[in-house]
Amino acid sequence: MKELIIDALVENLDKVTEFVDAQLEAVDCPMKIQMQVDIAVEEIFVNIAHYAYKPDVGPAKVRVDVSGDPSVVDITFIDHGVPYDPLKKEDPDVTLSAEERQIGGLGIFMVKKSMDDVSYEYRDGHNILTIKKALGAR
Amino acid sequence: MLKITKKLEERTLTVEASGRIDTTTAPDFENEIKDSLASVSELILDFSKVEYISSAGLRVLLSAQKIMTKQGSMKLTNVSSEIMEIFEVTGFSDILDIE
């Protein structure tokens, strides 16, 4: 298990992505799955950066755990900002026309669609969001 | 990292994006497109070198589509199967003209 503690700022996104990718590359994760995981990581980390500590800055903990054969990755995001369960957000209507489309909620919707499991809990003053994805055959 | 190359021929603007369209790079992508849209009736977004797009990038595509619906047309070319899957999941394959 590897852990990164970093200020929840949008400009730190590249560092978070690099950290996660290093763990995925170590187990030869297929490129397509790596992209899906990167997107999920971006949507969740940017959410924390935008909402958790406003207008202050606070830390986000990103924990990556790769286990099993074939490999499964679990990534946990922990912050102690305002309680917020992004999974409660209503899914966007993806059948509307361009003119009618609202863009809100699209990010977390992409996370739910592409990951095998997404869970949230608020415990001891912390938001804890975990995503799980099977990395497929080596 | 995202590199953007633009070519304007008469009223057709071709924008080639190369790299990742994410929260960090999407604002540049949006500005580069919008700065050049006056008098453009056809916008072509060449996606052959786009490796990644998150919801921040999708936002830019939707906003460009709304502008071009009013003043002409917009299409995406050379979309990889990985990016196409993102468009399908989010319903963007129905609202964008993808060649």
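Taken together, the values in this text are just the output of simple stated rules run on the coordinates, not laboratory data. Please read all numbers here as calculations on a predicted model, not as lab measurements. FYI the Cβ positions are ideal-geometry reconstructions off the backbone, even for glycines, and counts take in every protein chain you see.
Across chain A, Cα pairs under 8 Å and at least six residues apart give a relative contact order of 29 percent.
Of the residues B:53, B:68, B:81, the one whose Cα sits farthest towards the positive end of the charge dipole of chain B is B:68 (charges of +1 on Lys and Arg Cβ, -1 on Asp and Glu Cβ, taken about the Cα centre). Note on B:46-57: average number of Cβ atoms from other chains within 10 Å of each residue's Cβ is 4. Could you please report the charge total around residue B:13, scoring K, R as +1 and D, E as -1 over all other residues with beta-carbon less than 13 angstrom from its beta-carbon? Neighbour charge sum, excluding residue B:13 itself: -2.
Okay, helix-only estimate at 222 nm for chain B: each DSSP H run of n ≥ 4 adds -39500 (n - 2.57), divide by all residues, round to 500 deg cm²/dmol; what do you get?
Values: 4 runs with 40 residues, N = 99.
The helix-only estimate for chain B comes to -12000 deg cm²/dmol at 222 nm.
Considering only GluC sites (Glu not before Pro) in DSSP loops that have at most 13 other Cβ atoms within 10 Å, the longest stretch of chain A without any of them is A:1-89.
Only the Cβ atoms of Lys and Arg (+1) and of Asp and Glu (-1) were treated as charged; on that basis the dipole of region A:1-97 about its Cα centre amounts to roughly 220 debye.
Most simply put, the protein assembly as shown has about 70% antiparallel DSSP beta bridges, counting only bridges with both residues inside it. Among complete DSSP H helices in chain B, those whose alpha-carbon atoms stretch at least 20 Å along the helix's long axis and whose mean Kyte-Doolittle hydropathy reaches -1.0 are B:55-71.
The lysine pair count for chain B, using Cα distances under 16 Å and pairs eight or more places apart or on different chains, is 13. Of the residues A:92, A:103, A:12, the one whose Cα sits farthest toward the positive end of the charge dipole of chain A, with +1 on the Cβ of Lys and Arg and -1 on the Cβ of Asp and Glu, is A:92.
Rounded to the nearest 20 debye, the dipole magnitude of the protein assembly as shown is 240 debye, with +1 charges on Lys and Arg beta carbons, -1 on Asp and Glu beta carbons, and the Cα centre as origin.
Of the beta bridges in chain B, as assigned by DSSP with both residues counted there, near 35 percent are antiparallel. Charge tally around residue B:35: other residues with Cβ under 13 Å, Lys/Arg +1 each, Asp/Glu -1 each, net -1.
Region A:5-37 and region B:36-75 have their alpha-carbon centroids 27 Å apart. Our estimate of slack between residue B:71 and residue B:34, defined as 0.36 nm per intervening residue step minus the Cα-Cα distance, is 12.0 nm.
Remark: region A:82-138 carries a charge dipole of roughly 340 debye about the Cα centre, counting +1 on each Lys and Arg Cβ and -1 on each Asp and Glu Cβ. Look at the Cα gyration tensor of region A:2-134: its axes a ≥ b ≥ c give a/c of at least 1.5 with a/b at or below b/c, and that counts as oblate. The helix-based estimate of mean residue ellipticity at 222 nm for chain A, built from -39,500 (n - 2.57) per DSSP H run of four or more residues and divided by its residue count, is -10500 deg cm²/dmol to the nearest 500. Summing charges over all other residues whose Cβ lies under 13 Å from the Cβ of residue A:53, with Lys and Arg as +1 and Asp and Glu as -1, gives -2.
Among the lysines of region A:2-134, pairs that are 8 or more positions apart or on different chains and have alpha carbons within less than 17 Å of each other number 18.
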